[in-house]
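Okay, so here's the structure we're looking at.
The values are calculated or read from the model by the stated rules, or taken from the named source; none is laboratory data. What you see is a predicted model; the values in this text were computed from it and never measured. Using ideal geometry, Cβ is built from the backbone for each residue, glycine included, and neighbour counts are taken over all protein chains shown. Accessible surface is based on the protein model in full, side chains and every heavy atom, while ligands, DNA and RNA are left aside. Shrake-Rupley method; radii C 1.70, N 1.55, O 1.52, S 1.80 Å.
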Amino acid sequence: MNGFDEFAKDMDQVLRHFGTDLNEYVDAMGFTFLAEVRREILRQQLVDTRLMVNSFQRGGLSNVWERTKTAIEVGSTVEYVKFVNEGHWTVNNKSFVPPTHFFDNAYRITERILDANLQKKFDDSIRKGFS
């Protein structure tokens with residue numbers, strides 16, 4: 001059983017490293033997403049009093065940052081953010097302001113970054129656990 005004990009010990013170490021790395025990676029992806037949202041707001045030159053941009057910064061006045069072990073929810077509680085992203089009717093329904101999809105664009109960019117990096121991060125974490 002000595003070989004199994006060594007294997008179990010190695011696996012415990014791998015899981016410990018993986019848990020720590022996963023925690024750091026989830027936070028990093030949250031920060032990356034918030035940065036991409038801010039870039040999109042600025043890239044599209046959306047009308048902003050800085051309230052919207054600042055709400056997409058962790059710790060910002062109207063920032064949402066809720067985390068579990070394996071997931072993160074980030075966003076803004078600024079009321080007009082949804083209207084800027086999804087479009088809206090002006091006062092008295094005279095005309096429709098088209099959506100900018102800044103949030104959706106940032107999400108897609110972050111998703112591509114995640115897809116490109118996740119397997120490498122996983123492999124690095126496993127390798128670190130066995131070293």
Inset, instruction - Could you please give the count of residues in the range 52-67 that are part of a loop (DSSP other than H, G, I, E, B) and open to solvent by 100 Å² or more (accessible area, probe 1.4 Å)? - result: 2
Legend entry - Yes/no for GLU40 being at pLDDT 70 or above, surrounded by 13 or more Cβ atoms within 10 Å (Cβ to Cβ), within 11 Å of the chain's Cα centre (by Cα) and not basic (Lys, Arg): no
Inset, instruction - Count, please, the residues in the range 90-102 that happen to be in contact with a helix residue (DSSP H, G or I) (Cβ under 9 Å, 6 or more places away or on another chain) and open to solvent by 60 Å² or more (accessible area, probe 1.4 Å). - result: 1
Inset, instruction - Select from the range 103-131 the residues that are in contact (Cβ under 8 Å) with a residue 40 or more places away in the chain, farther than 19 Å from PHE56 by Cβ and either of a type in the set (Lys, Arg) or touching a helix residue (DSSP H, G or I) at 6+ places or on another chain (Cβ under 7 Å) (or both) and list them in ascending order. - result: LYS121, SER125, ILE126, LYS128, GLY129, PHE130
Inset, instruction - Answer yes if at least one residue in the range 76-85 is at positive phi, in a loop (DSSP other than H, G, I, E, B), open to solvent by less than 90 Å² (accessible area, probe 1.4 Å) and in contact (Cβ under 8 Å) with a residue 12 or more places away in the chain, and no otherwise. - result: no
Legend entry - Among the candidates THR20, THR49, THR70, residue that is without any contact (Cβ under 8 Å) to a residue 24 or more places away in the chain, assigned to a loop (DSSP other than H, G, I, E, B), open to solvent by 30 Å² or more (accessible area, probe 1.4 Å) and on the phi < 0 side of the Ramachandran plot: THR49
Legend entry - From the options GLU86, GLU111, GLU66, residue that is in contact with a Pro (Cβ under 9 Å, 6 or more places away or on another chain) and modelled with pLDDT of 90 or more: GLU86
Legend entry - Flag for GLY30 being touching a strand residue (DSSP E or B) at 6+ places or on another chain (Cβ under 9 Å), over 30 Å from GLU6 (Cβ atoms), surrounded by fewer than 17 Cβ atoms within 10 Å (Cβ to Cβ) and of a type in the set (Gly, Ala, Ser): no
